[in-house]
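Below you'll find the structure, written out as structure tokens, and then a few comments.
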Amino acid sequence: MRSSIAILILATGLAGLLYLGFRDEAASRRIANSGSASDFGEVGPGQPVAPPLPGPRLAPALATTKRVARYERDHDITISTDASELPARRGWGVLHGEAAAKRELDRYLPLLMEELEKYPSRFLRRSGLKSILLCKALAVDDDLRAAVPDFETATLYLDVERGDHSRDYQRCVIHHDYFHILDKYADGLVYEDEGWVALNRPGFSYGSHGMTPPRGLWSGAMTGRYPGFLTHYATTALEEDKAEVFAHLMVHHGKVMRRAAEDAVLAAKVARIKEEARAVSEEMNDEFWQRLAAR
């Protein structure tokens, strides 16, 4: 997919207003599941349905727009705000989403770029991610989602509003759901990893703590409540456990390493995730993680 940037200048006297918008030229055809509290699962092909929603509203300021365009060019990736493909019927349900407003994109895009720019260029190119679509009111049927990774088209759908009360939450969502695409691209498997399961303490089974966290605990919040796991959500499924380790390493590297220093199971999981990342690109070496920790 390619993106184009349309610029409209309205001149009044000596002053003008500059508005920019992104538009995708092709829409994704299939969607996988999200990084919400719902299970991830592979889906069958679906068909777009219903008339498209209105096109994207005006996108962020010129500096951010140039930053995005440069990133797209340098990394061979599309970052779009065109939600006109939605709603769309898939084999597993109906995907919903709406075009985000300019103020919402103005707030979210700089954060997205900060997180994407953490990755070495070669790593991102080899990870399989091809496009990112930003919208709001993202949902699968009636299930609200913060993100939906599309394994078939390597597209990551992100809701720019959901969780905006916590910038850390939004940062973690980006890396968590990006990891699902990375994990799928690496070996074609997401829900099977006997080596990872073997890292857990004897007798542990994913989902044994239930999908709903204890009262007062956000599912994705780091906690010491579960030895061997960073969050409650990590205990629900092996693919979520892996994605949680990766996401929190990218956002809270120092905290994760301090936890791992006191937890042998978690330390083994951290080492495994770093090994998998380095297998994609040698740039994800010890020096990378040291630089990340120093940011």
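The values are calculated or read from the model by the stated rules, or taken from the named source; none is laboratory data. Predicted model, so just to flag it, every value in this text is computed and none were measured. Here the Cβ is made from the backbone with ideal geometry for all residues, glycine too, and neighbour counts use every protein chain on show. For accessibility, only protein heavy atoms count, side chains too; no ligands or nucleic acids. Shrake-Rupley method; radii C 1.70, N 1.55, O 1.52, S 1.80 Å.
Scanning the range 216-245 for residues that are among the aliphatic types (A, V, I, L, M) and closer than 17 Å to ALA146 by Cα yields a total of 3.
Any residue in the range 149-172 that is hydrophobic (A, V, I, L, M, F, W, C), part of a helix (DSSP H, G or I) and surrounded by 24 or more Cβ atoms within 10 Å (Cβ to Cβ)?
Scanning the range 149-172 turns up at least one residue that is hydrophobic (A, V, I, L, M, F, W, C), part of a helix (DSSP H, G or I) and surrounded by 24 or more Cβ atoms within 10 Å (Cβ to Cβ).
The condition (being modelled with pLDDT under 95, small (Gly, Ala, Ser) and touching a strand residue (DSSP E or B) at 6+ places or on another chain (Cβ under 8 Å)) is satisfied by just one residue among ALA154, ALA137: ALA154.
Please verify whether GLY195 is assigned to a loop (DSSP other than H, G, I, E, B) and not hydroxyl-bearing (Ser, Thr, Tyr), treating the condition exactly as stated. So GLY195 does not fit the description; no. The set of residues from the range 157-176 being out of contact with any strand residue (DSSP E or B) (no Cβ under 9 Å at 6 or more places or on another chain) and under 18 Å from VAL68 (Cβ atoms) comprises just one member, ARG171.
Each row is one residue, and each column tells you yes or no for (1) more than 30 Å from ASN285 (Cα to Cα); (2) under 17 Å from the mean Cα position of the chain (by Cα).
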position	(1), (2)
ARG73	no, no
GLU85	yes, no
VAL94	yes, no
LYS102	yes, no
ARG171	no, yes
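The C-beta contact set for the range 160-175 (first residue more than 14 Å from MET113 (Cα to Cα), second residue open to solvent by 60 Å² or more (accessible area, probe 1.4 Å) and assigned to a helix (DSSP H, G or I), distance under 9 angstrom, 6+ apart or interchain) comprises ASP164/ARG107.
Looking only at residues of the range 224-251 that are among the aliphatic types (A, V, I, L, M) and outside any helix (DSSP H, G or I), we find that the one that is farthest from GLU114 (Cα to Cα) is ALA237. Pairs linking a residue in the range 116-136 that is open to solvent by less than 10 Å² (accessible area, probe 1.4 Å) to a residue that is of a type in the set (Phe, Trp, Tyr), with Cβ atoms under 6 Å and 6 or more positions apart or on different chains, are GLY128/TYR185; LEU133/TYR157. Scanning the range 232-244 for residues that are open to solvent by less than 10 Å² (accessible area, probe 1.4 Å), touching a residue at least 60 places away in the same chain (Cβ under 8 Å) and among the small types (Gly, Ala, Ser) yields a single hit, ALA243.
Rundown of residues vs (1) assigned to a helix (DSSP H, G or I); (2) open to solvent by less than 10 Å² (accessible area, probe 1.4 Å), yes/no style:
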position	(1), (2)
VAL265	yes, no
VAL270	yes, yes
GLU275	yes, no
GLU282	no, no
ARG291	yes, no
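Which of the following residues is in contact with a Cys (Cβ under 8 Å, 6 or more places away or on another chain), under 23 Å from ARG125 (Cα atoms), small (Gly, Ala, Ser) and surrounded by 16 or more Cβ atoms within 10 Å (Cβ to Cβ): ALA186, ALA247? Criteria check complete, one pass: ALA247. Residues in the range 216-231 that are crowded, with 24+ Cβ neighbours inside 10 Å and farther than 24 Å from ASP286 by Cα: 2 in all.
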